[in-house]
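Here the structure comes first, spelled out in structure tokens, and everything after it is commentary.
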Amino acid sequence: MYQNSGVIALPRPLTARLDKTAKSLLEPPDMAFDFSVPAGEAALVSANSVSWMIFKNPVSLFVGGVSAVLLEMAEPKVRDGVWDHSSFRTEALKRLQRTGVAAMMTVYGPKSQAEAMIAGVVTRHGRVTGQTSEGEDYEANDPVLLDWVQATASYGFMEAYHAFVRPLDARQRDALFAEAQPAARLYGAVGAPGSQAELDALFESMKPRLVASKIVFEFLEIMAKVPALPGIAKPLQKPLIKAAIDILPDWVRERLGLGPKWSLSSLERLLVKTAARTNDQLVLPSSPAVQACRRLGLADDFLYRRKR
């Protein structure tokens, strides 16, 4: 193995094995999509963006995705809307993978396909209504709820990369929120944060709304058991879940009752950082990031060698 200009090169058989593992982690079999076509079609987000840099990392995406779900479930309307109208209980991994593919599509997918996918999601969400266990009516396409979901996703992916791959400065953080705006508006999240300052303000305003729930612990129990990682990587699964909790704001952890037992040990933190930083330097041919680079005529390692 050697490292050069931000890229780790491995023997081809090992690269192929890791590529297959990453693909199985992030992509459900019934949602395979070739991000390399149609040739030349731009994405909703530029290839030179912070988003393209961050979303190429499967480890930090897994951590950030779990963290985002925990934040979503702290809001009662979102919590019950997700739990009562999705397959989390029976198909947790598939549900997370579908969410991951949707995130990849909004960043790397050809613009026409991304817009079509989002339109389909909005249509399906239009049929999701109900009442929370606290007696509040909800609609999945409520702009206030959509803003919160968009904010939690941006927070999770940003903070996971910042904590376990490399620090993001203020400019990069604000850029990430700005880059998410086109997709957010298509989803109907017209008031989603466009900067770190706006995210901070939203979190402050949401404090009275966020509550503890047994569903949070049910979700974590499912995530600990779901076959998300192959056998050799299985010991990393619980540390990745802890990492997702570790990046939550302290007051959210306290509100949800996620105490010290959910904190990373020094060894676990080292394992997560090593896995995340290594994956940030591996060019995996079937990843949406690499395929999208090919679609735009860029080198496979464009995102791994460019200046950050």
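Does T278 satisfy the condition of being under 30 Å from P249 (Cβ atoms), of a type outside the set (A, V, I, L, M), touching a strand residue (DSSP E or B) at 6+ places or on another chain (Cβ under 7 Å) and assigned to a helix (DSSP H, G or I)?
yes
Among the residues of region 281-304, write down those that are of a type in the set (V, I, T) and either modelled with pLDDT of 95 or more or assigned to a helix (DSSP H, G or I) (or both).
V290
So is L258 farther than 23 Å from P110 by Cα and either in contact (Cβ under 8 Å) with a residue 60 or more places away in the chain or in a loop (DSSP other than H, G, I, E, B) (or both) or not?
When the stated conditions are applied, L258 passes them.
Report yes if R305 is touching a residue at least 40 places away in the same chain (Cβ under 8 Å), buried (at least 17 other Cβ atoms within 10 Å of the Cβ), out of contact with any Lys or Arg (no Cβ under 9 Å at 6 or more places or on another chain) and of a type in the set (K, R), otherwise no.
When the stated conditions are applied, R305 does not pass them.
Would you confirm, using the coordinates I've provided, whether E221 is loosely packed, with under 14 Cβ neighbours inside 10 Å and in a helix (DSSP H, G or I)?
When the stated conditions are applied, E221 passes them.
Looking at the structure I just gave you, is A228 under 19 Å from the mean Cα position of the chain (by Cα), assigned to a loop (DSSP other than H, G, I, E, B) and crowded, with 17+ Cβ neighbours inside 10 Å?
It is true that A228 is under 19 Å from the mean Cα position of the chain (by Cα), assigned to a loop (DSSP other than H, G, I, E, B) and crowded, with 17+ Cβ neighbours inside 10 Å.
With respect to the numbered conditions (1) within 18 Å of the chain's Cα centre (by Cα); (2) free of Cβ contacts under 8 Å to residues at least 40 places away in the same chain; (3) not in a helix (DSSP H, G or I), which one is the sole condition not fulfilled by Q237?
(3)
Taking the stated definitions as given, is D246 in contact with a Ser or Thr (Cβ under 8 Å, 6 or more places away or on another chain), acidic (D, E), at pLDDT 95 or above and surrounded by 19 or more Cβ atoms within 10 Å (Cβ to Cβ)?
In short, yes.
Scan region 148-193 for residues that are crowded, with 19+ Cβ neighbours inside 10 Å and among the β-branched types (V, I, T) and jot them down.
Residues satisfying the conditions are V149, T152, V165.
Within region 195-213, is there a residue that is modelled with pLDDT of 95 or more, buried (at least 16 other Cβ atoms within 10 Å of the Cβ) and over 20 Å from Q150 (Cβ atoms)?
Within region 195-213, one or more residues are modelled with pLDDT of 95 or more, buried (at least 16 other Cβ atoms within 10 Å of the Cβ) and over 20 Å from Q150 (Cβ atoms).
Only one of L267, L271 is free of Cβ contacts under 8 Å to residues at least 60 places away in the same chain and closer than 13 Å to V165 by Cα; which?
Of L267, L271, the one residue that is free of Cβ contacts under 8 Å to residues at least 60 places away in the same chain and closer than 13 Å to V165 by Cα is L271.
Considering only region 199-214, state which residues are more than 20 Å from the chain's Cα centre (by Cα) and assigned to a helix (DSSP H, G or I).
Within region 199-214, A201, E204, S205, M206, K214 meet the criteria.
Assess whether M117 counts as being closer than 24 Å to M158 by Cα and buried (at least 21 other Cβ atoms within 10 Å of the Cβ).
no
Please pick out the residue among S112, S87 that is of a type in the set (G, A, S), loosely packed, with under 15 Cβ neighbours inside 10 Å and without any contact (Cβ under 8 Å) to a residue 60 or more places away in the chain.
S87
The values are calculated or read from the model by the stated rules, or taken from the named source; none is laboratory data. Just so it is clear, the structure is predicted and the values come from calculations on it, not from any experiment. Heads up, the Cβs are rebuilt from the backbone with ideal geometry, glycines too, and the neighbour counts pull from every protein chain shown.
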